[in-house]
1. For Lys105, which lysines qualify as cross-link partners when the Cα separation must be under 25 Å and same-chain residues fewer than eight apart are set aside?
2. For the chain, give me the percentage of DSSP beta bridges that are antiparallel, rounded to the nearest 5 percent.
3. Using only DSSP helix segments of four residues or longer, with each worth -39500 (n - 2.57), what per-residue ellipticity at 222 nm results for the chain after dividing by its residue count and rounding to 500?
4. Would you list which aspartates and glutamates come within 16 Å of Lys458, measuring only between C-alpha atoms, while excluding same-chain residues fewer than 8 positions from it?
5. In whole percent, what relative contact order does region 410-519 give with Cα contacts below 8 Å and a gap of six or more residues?
6. I'd like the distance separating the alpha-carbon centroids of region 269-314 and region 136-152, in whole Å.
7. Pull up the DSSP beta bridges for region 410-519 and report the antiparallel fraction as a percent, rounded to 5.
8. Out of region 292-363, which GluC sites (Glu not before Pro) are coil in DSSP terms and have no more than 11 other C-beta atoms within 10 Å?
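A short reminder: the numbers here are calculations on the coordinates, not readings from a lab. Only a predicted model underlies this, so the values are computations on that prediction, with no experimental measurement involved. FYI the Cβ positions are ideal-geometry reconstructions off the backbone, even for glycines, and counts take in every protein chain you see.
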Amino acid sequence: MTDANGVPMTDQEIVSDVLVVGAGPTGLMLANWLTKLGVRTTVIDAKRGPTRESRALVVQARSMEIYDQLGIVDEVLAQCAQARWLAPGFDSRTFGRIPIGELGKGLTPYPRIYVLEQSRNEQILLDSLRRLGGDVRWEHRLTSLGTSGTSVEAAVSGPDGDVTLRARYCVGTDGSSSAVRTMRGIPFEGITNEQTFYVTDATEARGLVPEAVNARPAERDFLLAFPMGPHGHYRLIGVVRDADQDGQLTEDDTRERLRQVFAVAYGPSRWFATYRIHHRVAAAFRDGPFFLAGDAAHVHSPVGAQGMNTGLQDAHNLAFKLADVLRGRASDASLDRYEAERRPVARRLVRTTDRLFGAVTSERRLLRAARRWVPPLIAPVVVRFVPRVSGASRLFGYVSQIRVHYWMSEQAAARGRRGRVVGRRLPWTGSNFDVLKRLTWQIHAYGSVDSDTVERLKRELRADVHVFPPANPDTGLRDRLLYLVRPDGFVAAAATPQAATVAFGRALPDRFLTVPPAQSAEPASPRPD
Ligand SMILES: Cc1cc2nc3c(=O)[nH]c(=O)nc-3n(C[C@H](O)[C@H](O)[C@H](O)COP(=O)(O)OP(=O)(O)OC[C@H]3O[C@@H](n4cnc5c(N)ncnc54)[C@H](O)[C@@H]3O)c2cc1C
């Protein structure tokens, strides 16, 4: 007997290639990609269905690009609101609006800030998974985890009793209190902040700049408001003091403080929650056949709207690596690249959000004074000049996660100089992203390349070769170089046509090699960028 994923199943035992524990955004994204790539996948979640709470709400450009590659971006676009302005302010004052509608124009097909709450992202991902032929086993909680021979073995309690799940690999996408992480004894290193954060999905909000992300520090409080659609629907997040000092931060406390400090009021709320902020990264993202991704691997403050997006990208990264290994194209050791690539991203993110969070919430006198005096002084200038400076699009690159960089080899990491192209997501030229939907390793040329070279590379490397018109120099793509692009859209290597067989052969998974690099007499590639 097999289940909807084609996974063998008896009453007590289910066998698959990958067991995904947790069907939040990270687990659902991973399950989508694994299923699309033909990997037999079992997904379990302790909950009864996708989350109903809105929770994370900004989908960054890089996640939109991945949704596009997966074929669901139109559904996301149809449902999301867009933030057209950034409205800086201080307590009850606002200092005008900075247009952010198309801050990423020319950098990505998705140049805006897309607002779509987590619950709707999860529903879209679940619908997509079902269309691909997969599903989630809801109400299945992981209770113990181990190995048996070459398999992972998991005990799970479900609505019809206990089940044993066996798989070659197991990925813990089970959130910040990850059972997989705990059961594997992987430390979750970092700190928990003292402050309590609140989140409110407010309707009929007043006192905010419409269609804008409102950012309002105050001397002791802090407010970020994201537009979520018509009828004054806003996500309000921030830190407020416990006004009545009873140790509980209730919605009434928050309402009162928002009114007093920020002159912001709202009608009924759809959701109110408080939570403590953690800044933590798992000591390892891989432990043999076990992996961690999403909040199970890293948590930080919601300042910057990066949490859900980082999890989505962990999943995208890991899925292609697992698929390559499970299809026999790459060795098990190549899976170490997942931690090598994604853990530094998480560490940097946690460091940055920790600093930012400290700056906006610290009780230290100097920082409180800075919060009191600096924004009113600089905000009016910033509002006038930021749209005209090139740094704005660079900032967009960081926040939207399209500037993420991976070291593609130990030698590159030792050299320590990041290139503009290699190790990054392929720069967008306006015409070069559609071919990524083929989900293959591919070689790109931008400009002229003779047909003999194309045929030789196709034959020797058995990879697709795509030739595009010359790219805008701002992209960093040069016409005298060829680029090896991974299925996840990252550039693995660059080389001249003469050096490409050797340079790309080293970077490709083993299966593709027909000319072992050691046997080739071709010269090594020059430093590409
Ligand atoms: C109140 C709140 C507000 C937030 N607001 C924001 C925000 O504004 N912006 C932002 O970027 N981020 C925000 N976040 C963080 C964001 O929600 C997370 O980054 C995101 O949910 C991470 O997704 P994930 O799939 O990795 O984990 P989760 O969404 O936590 O999913 C984990 C899943 O694993 C399941 N699970 C757990 N244990 C087990 C088990 N033993 N067996 C089986 N299943 C299990 C859970 O049921 C859950 O479905 C917020 C989080 C909270 C709690």
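1. Lys437
2. 75
3. Values: 13 runs with 156 residues, N = 529.
Counting only the DSSP helices, I get -9000 deg cm²/dmol.
4. Cα-Cα hits under 16 Å: Asp450, Asp510.
5. For region 410-519, the relative contact order is 29 percent.
6. 21
7. Details: 9 of 14 bridges.
Counting DSSP beta bridges with both partners in region 410-519, the antiparallel share is about 65 percent.
8. The qualifying sites are Glu363.
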